[in-house]
Amino acid sequence: MIMKAPSNDIMNKMARGVLASYSYDPNPEDRSVGNIMRQCIDLVARFSTLAAYAYQAKRRFYDDKSMYIHNPLPNLSTAENFLRLIRADKKYTPLEAQILDLALILHAEHGGGNNSSLTVHVVSSADTDTYSAIAAAVGSLKGSRHGGANIRVMEMMDDIKAHVKDWADDKEIEAYLKKIATKQAYDKTGLIYGIGHAVYTVNDPRAVLLNELAEKLAREKGMLKEFRLYKKIEKIAPKVLYELHGKKKMLCANVDFFSGFVYSMLDIPRELYTPLFAISRIAGWSAHRIEEVVAGGRIYRPAYKNVCAERAYIPLEKRK
């Protein structure tokens, strides 16, 4: 199915892969908890292979590059298998697998307030099958406002590295961050991507954990200079935003600020960053799916309120 209908967008191919899985399930419509658990475990196991094979098909059909198809090994972890499947030589170091495993765990779930997890609840509440609910969640995560945050961080960092000559100069870094924050530089939105979170203010514990292993990986990869630039921006950016906007609370770097850098050190192509998020989040989506089936029972039906002023009815024959 992946080879017959390849996609230039891997998330699109993953959503179609989830829906295609329905056809290979001997009991796809059984909404008992035990059967849903089986379906979810199958999807958790399958997601990394779906992403890796969709990426290989994209390389072949859209990038005109060689395609490498390796079989996943049942004795390896999700992180180990993923690195093995996307690399021509199938090789990876223990530290590479360890840090990718941590990144997958940290992204697996973050409360029920995110868009894709809510999508699972909404679609599941309609009493549909598991594959329909999870495919909808993949579609939600595909959106640039949800799953693409670490890519925007990387693009911003590309811009900063191109315009800041001395990566060790705090004042030069601060001056350029002020330009970004005042819509004079980069994409002129005024956003410093990767800084700030709706819940975390002092620090994002996920970013703290990822940060620790990122430094070890930077040493292994000879990228300490770039890592130190990230650390300086992590320290300077909240101060810049606080001074410019007078916010009552200081901001902190979130997990997306470091995850893109980690993926780049792992030589993972950027088009796989959001699929990696899906590989993580399928665990959380599965939990939300089961919770909704067990404890829900009513369909989600939002109410709407008309905010327009009242207008007199105009008969059809008098309308212009």
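The values are calculated or read from the model by the stated rules, or taken from the named source; none is laboratory data. Quick caveat, the model's predicted, so the values are computed rather than measured. Cβ placement follows ideal geometry from the backbone for every residue including glycine, while neighbour counts extend to all protein chains displayed. Quick note on the areas: whole protein, heavy atoms, side chains included, nothing else; ligands and nucleic acids left out. Shrake-Rupley method; radii C 1.70, N 1.55, O 1.52, S 1.80 Å.
Could you please give the count of residues in region 99-131 that are closer than 18 Å to Ala45 by Cα and either part of a helix (DSSP H, G or I) or more than 21 Å from the chain's Cα centre (by Cα) (or both)? Step through it out loud before you land on a result.
Kept after step one, since they are closer than 18 Å to Ala45 by Cα, are these residues of region 99-131: 100-109, 130-131.
In the following step, the residues that additionally are either part of a helix (DSSP H, G or I) or more than 21 Å from the chain's Cα centre (by Cα) (or both) were identified as 100-107, 130-131.
Qualifying residue count for the region: 10.
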Original post:
Within region 200-210, is there a residue that is touching a residue at least 60 places away in the same chain (Cβ under 8 Å) and either over 18 Å from Leu102 (Cα atoms) or surrounded by fewer than 19 Cβ atoms within 10 Å (Cβ to Cβ) (or both)?
Top reply: yes
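Condition first: at pLDDT 95 or above, part of a loop (DSSP other than H, G, I, E, B) and under 19 Å from Ile279 (Cα atoms). Can you find one or more residues in region 32-55 that meet it? Even if it seems obvious, please write down each step before you answer.
Restricting attention to region 32-55, the residues satisfying the condition of being at pLDDT 95 or above are 32-55.
If we keep only those that are part of a loop (DSSP other than H, G, I, E, B) too, we end up with 32.
Checking the rest, the ones that are also under 19 Å from Ile279 (Cα atoms) come to none.
No, region 32-55 contains no residue that is at pLDDT 95 or above, part of a loop (DSSP other than H, G, I, E, B) and under 19 Å from Ile279 (Cα atoms).
Please work out which residue is nearest to the chain's Cα centre (by Cα), limiting yourself to region 236-252 and to residues that are aliphatic (A, V, I, L, M) and open to solvent by 10 Å² or more (accessible area, probe 1.4 Å). If you could, list the steps in order and put the result at the bottom.
From region 236-252, those aliphatic (A, V, I, L, M) are 236-237, 240-241, 244, 250-251; that's our starting set.
So of that shortlist, the ones also open to solvent by 10 Å² or more (accessible area, probe 1.4 Å) come out as 236, 241, 244, 250-251.
Working: Ile236: 25, Leu241: 24, Leu244: 29, Met250: 25, Leu251: 21 Å.
Only one residue tops the list, namely Leu251.
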Original post:
Among the listed residues Ala133, Ala175, Ala162, which satisfies the condition of being among the hydrophobic types (A, V, I, L, M, F, W, C) and open to solvent by 60 Å² or more (accessible area, probe 1.4 Å)?
Top reply: Ala162
Subject >> Contacts under 8 angstrom Cβ, first residue in region 292-310 being modelled with pLDDT of 95 or more, partner charged (D, E, K, R), 6 or more apart >> reply: Val293/Arg31; Ile299/Asp127
**OP:** Could you check, for region 12-33, whether at least one of its residues is more than 29 Å from Ile290 (Cβ to Cβ), out of contact with any strand residue (DSSP E or B) (no Cβ under 7 Å at 6 or more places or on another chain) and open to solvent by 70 Å² or more (accessible area, probe 1.4 Å)?
**Re:** no
**OP:** Consider Ala185 carefully, then state whether it is surrounded by fewer than 15 Cβ atoms within 10 Å (Cβ to Cβ), farther than 30 Å from Asp42 by Cα and not hydroxyl-bearing (Ser, Thr, Tyr).
**Re:** no
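With the structure loaded, tell me whether Ala79 is touching a Phe, Trp or Tyr at 6+ places or on another chain (Cβ under 8 Å), in contact (Cβ under 8 Å) with a residue 12 or more places away in the chain and either closer than 26 Å to Ala287 by Cβ or surrounded by 16 or more Cβ atoms within 10 Å (Cβ to Cβ) (or both) or whether it fails that test. Walk me through how you get there before you give the answer.
Details: touching a Phe, Trp or Tyr at 6+ places or on another chain (Cβ under 8 Å): no; in contact (Cβ under 8 Å) with a residue 12 or more places away in the chain: yes; either closer than 26 Å to Ala287 by Cβ or surrounded by 16 or more Cβ atoms within 10 Å (Cβ to Cβ) (or both): yes.
No; evaluated as a whole, the condition is false for this residue.
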Original post:
Quick one: which helices (runs of 4 or more DSSP H) sit completely within region 222-320 and have at least 1 residues that are farther than 17 Å from Arg206 by Cβ and polar (S, T, N, Q)?
Top reply: 255-265, 273-295
Original post:
Name the residues in region 253-267 that are farther than 14 Å from Ala237 by Cβ and surrounded by 21 or more Cβ atoms within 10 Å (Cβ to Cβ), would you?
Top reply: Val255, Ser259, Gly260, Phe261, Val262, Tyr263, Leu266
Subject >> Complete set of residues in region 125-181 that are farther than 27 Å from Ile290 by Cβ, touching a residue at least 12 places away in the same chain (Cβ under 8 Å) and of a type in the set (Ser, Thr, Tyr) >> reply: Tyr176
Subject >> Answer from Ile180, Ile279 - the residue that is surrounded by 23 or more Cβ atoms within 10 Å (Cβ to Cβ) and more than 18 Å from Met157 (Cβ to Cβ) >> reply: Ile279
Subject >> Near pairs, Cβ below 8 angstrom, 6+ apart or cross-chain, from region 241-264 (without any contact (Cβ under 8 Å) to a residue 24 or more places away in the chain) to any residue that is assigned to a loop (DSSP other than H, G, I, E, B) and among the hydrophobic types (A, V, I, L, M, F, W, C) >> reply: Tyr242/Met250; Tyr242/Leu251
